[in-house]
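**Q** So that we are looking at the same thing, I have put the structure below in C-alpha cells.
The values are calculated or read from the model by the stated rules, or taken from the named source; none is laboratory data. Since this is a predicted model, take the numbers as computed values, not measurements. Cβ sites come from the backbone with ideal geometry, for glycine too, and all protein chains shown count toward neighbours.
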Ligand SMILES: NC(=O)c1ccc[n+]([C@@H]2O[C@H](COP(=O)([O-])OP(=O)(O)OC[C@H]3O[C@@H](n4cnc5c(N)ncnc54)[C@H](OP(=O)(O)O)[C@@H]3O)[C@@H](O)[C@H]2O)c1
C-alpha cells in the first residue's frame, strides 16, 4: 500500500450519500472531511471534542466546498469517545439527523498517552480508540443495515454501506491479554503507553473483522493510513517519536506534509469505494 499514487480527482461523487467520520476536528479526519465535502454528499457529519477545532474544519469546508457549506450539508456533532454517555448522546444526534448512512469512518484516536482511566473506568486508549467506536457502531448498525436494504437509485448491487476503521501498523505489537482486566490503567514498566496504543489498534482490526462476519450486508474494513505528520505524531516527546516508523526528518516541506495527510487515507478510501464486493472483507 505504501506506493499508492493518489489522485484526489478520482474520489467518486457522493450524491445522495450520507457520511459520518469521527475525529474530523483534526489530522487525517479533518482532511477527509474537507475532501469528501467537495464530492456533493447529501449529508456529512464529523465528530470530535473541540468545538474550536470543529470551527476550523468548517471554515476549510466553506473555503473549498462552498456549495456544501451554504447548503448546510456538513455539520459537527460533539462526541467524547472516552465517555460512553457522550457517545450515546452523539449517536442520538446522528440518528436524528440521518435517514441513511452510506459511509462510516471510525477514525479518531489517541496515541501513547500517560496511564489513565476513562470516565467509565476503562484504560484510556482502549476506551477512546475501541470502546467508544464500538458503542457508536452498535448504535448505528440498524441504520447501516437499513441503508443496505435501500440502495440509491442506479447504485451497483456491490456497493453496500461501508464501515472503515482507522487502525495502525502498531496493531502488530498488540495483544488482548489485559492482565488485571480492562478496568485498570494497564501499566507496565517498559513502553507501557505504546503497548496500550497497540492493543487498542489491534482491537480496531479484530472488531472490524468480526463485524464483517456478523453483518454480511455491510463492507467492514480496517486500514492503516501510513505514517502521517499530524498532531498524533507531533505532540509526542522526542524520545517517543523514535517509535514512529518514519522519522519526522524524512518530511521535506509543509506542502509535502499536507499531501501526505491527504493522500494516505484518501487513497485507501478511493480504493474501497471502487472495490468490487468480495468475500474478503478485511484489509489488515
Ligand atoms: N498519524 C499517523 O501517522 C497515524 C498512523 C497510523 C494510524 N493512525 C490513526 O489515525 C487516526 C487519526 O489519527 P490522526 O493522526 O489524525 O490524529 P490527530 O491529528 O491527533 O487527530 C485525532 C482526532 O481524534 C479526535 N479525538 C481524540 N481523542 C478523542 C476523544 N476522546 N473523543 C473524540 N475524539 C477524539 C481529535 O479531536 P478532538 O481533539 O476534537 O477530540 C482529532 O480529531 C487514529 O485512529 C490513529 O491511531 C495515525
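**Q** Would you mind stating whether residue 201 is part of a helix (DSSP H, G or I), surrounded by fewer than 18 Cβ atoms within 10 Å (Cβ to Cβ) and under 17 Å from the mean Cα position of the chain (by Cα)? Please lay out each step first, then the result.
**A** Values: part of a helix (DSSP H, G or I): yes; surrounded by fewer than 18 Cβ atoms within 10 Å (Cβ to Cβ): no; under 17 Å from the mean Cα position of the chain (by Cα): yes.
So residue 201 does not fit the description; no.
**Q** Okay, next question. What tally of residues in the stretch 183-200 results from selecting those that are more than 15 Å from residue 111 (Cα to Cα) and at pLDDT 90 or above?
**A** Of the residues in that region, 2 qualify.
**Q** Filter the stretch 9-28 down to residues that are within 15 Å of the ligand (Cβ to nearest atom) and farther than 18 Å from residue 42 by Cα and give me whichever is surrounded by the most Cβ atoms within 10 Å (Cβ to Cβ).
**A** Applying the filter and picking the extreme gives 23.
**Q** Could you tell me how many of the residues in the stretch 146-170 are within 16 Å of the ligand (Cβ to nearest atom) and either in a strand (DSSP E or B) or under 15 Å from the mean Cα position of the chain (by Cα) (or both)?
**A** So the answer is 7.
**Q** A further question on this structure: Right, residue 175: more than 16 Å from the ligand (Cβ to nearest atom), at pLDDT 90 or above and touching a helix residue (DSSP H, G or I) at 6+ places or on another chain (Cβ under 7 Å) or not?
**A** So residue 175 passes the test.
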